[in-house]
């Protein structure tokens with residue numbers, strides 16, 4: 001008997017059932033795939049469209065890395081326990097700002113946000129010497145350390161009597177001198193922009209520039225020209241570049257002069273010297289950069305050739321600088337032994353010793369002048385000469401910066417300056433926040449110094465005629481020259497008493 005065939009309605013029902021089964025399986029498969037992507041979103045990547053000449057790069061499909069189901073099904077953390085790795089939260093904040101901030105986050109804002117975050121992170125360390133330098137700041141830092149830079153070749157300061165930016169010194173054979181800029185000129189405008197609300201740092205940054213470009217300074221020239229004396233006595237500290245000064249004194253618009261200067265490669269001498277009465281040589285070192293040993297010892301040899309019988313080394317207001325240079329300078333005066341001891345994290349104390357190839361066979365009596373702004377490398381030099389009893393230290397207690405920083409260049413030509421070590425003097429004195437106590441104390445109030453300098457500038461006095469601390473140094477050196485044997489360069493260091501930190505003294509940011 002012939003087999004009966006299913007009706008047409010039955011066939012349609014079976015077809016619909018098969019399609020529904022396929023659809024259900026496909027839906028379940030999509031659900032589990034979506035669930036897996038949600039749980040592991042940070043690991044799933046797509047290839048971003050590359051620009052010409054660049055390789056494609058992987059970018060996260062889901063920056064947040066969490067699906068709704070994942071959030072709902074995650075077990076709750078125990079009470080009091082936070083999620084690990086705060087850096088993940090940092091990146092989440094950045095992504096949320098990009099996605100949700102009411103204004104678009106432009107590419108130009110990325111550097112500002114990133115650099116601000118870096119500064120905030122470093123600020124939490126509580127170390128004023130660990131800091132971040134943006135690319136331009138790092139470029140300026142390298143130029144200063146090399147002893148030359150691009151600019152006009154003038155030193156600026158703030159005249160406290162007028163609150164105006166003033167030219168303190170014009171270096172010879174440099175662009176500013178060739179254009180006619182004079183010491184004592186008040187800089188009223190830079191490229192027609194008034195300097196009334198500019199800090200010293202901002203004014204300097206606007207005047208500096210690439211060689212071959214020009215800058216116009218509108219200046220007011222006082223009736224009495226300023227004598228060119230040591231500019232370090234006018235150095236002001238603690239100026240905030242973002243904080244405007246008090247209202248500057250008015251100037252006569254009819255007496256303003258425009259000085260157009262073509263910027264160029266500027267070489268600034270960091271050492272000044274002269275022969276004082278009684279065959280006393282005087283050498284002032286303003287900083288420690290890559291030129292310090294060469295210039296410093298060159299001036300000393302010149303003075304020796306003129307018959308010098310004793311030496312005054314002036315380190316006042318010297319903020320420090322290159323560690324290698326100070327080791328070479330100590331080596332010029334000391335034949336053997338440690339210059340400084342370095343204490344680093346997870347490492348034994350390391351002694352950086354005298355480098356004999358730099359020894360200058362110098363056996364004349366010496367004194368060293370210091371003050372509260374002599375810091376870092378200046379304290380290494382004065383501390384070593386004091387420990388070896390190679391020189392008498394005269395003046396005021398030094399700043400007290402006994403830390404070593406390492407400069408780490410970053411990928412975008414910015415830099416991170418990190419405190420990596422503590423240094424001790426040859427006698428293993430820790431002077432951080434303590435300073436070097438002078439053998440002969442000569443206190444001199446800063447206001448009195450400025451008053452004496454102002455009088456000296458007006459009357460054209462020589463330095464030795466108005467500088468009280470230099471006068472005391474000359475007196476002490478004269479006694480050593482006449483009544484004592486010259487100190488020997490190879491003498492063994494002897495222990496000295498360590499000073500205590502005065503109440504209220506705190507470290508300030510230095511070089």
For segment 271-483, rounded, prolate or oblate, judged on the Cα gyration tensor with a ≥ b ≥ c (square roots of eigenvalues), a/c < 1.5 rounded, else prolate if a/b > b/c?
prolate
Does segment 360-492 come out rounded, prolate or oblate by the C-alpha gyration tensor, with a ≥ b ≥ c the root eigenvalues, rounded set by a/c under 1.5 and, if not, prolate when a/b is larger than b/c and oblate if not?
oblate
For segment 309-372, just say rounded, prolate or oblate: build the C-alpha gyration tensor, square-root its eigenvalues into a ≥ b ≥ c, call rounded for a/c under 1.5, and beyond that prolate if a/b exceeds b/c, oblate if not.
oblate
Using packing as a proxy for protection, rank 297-308, 463-474, 359-370 so that the peptide with the highest average count of other Cβ atoms within 10 Å comes first.
359-370, 463-474, 297-308
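Computed from the coordinates by the stated procedures, all read-outs in this text should not be read as laboratory data. Since the model is a prediction, treat every value here as computed from it, not as a measurement. For neighbour counting, all protein chains shown are included, and Cβ atoms are generated from backbone atoms with ideal geometry for every residue, glycine included.
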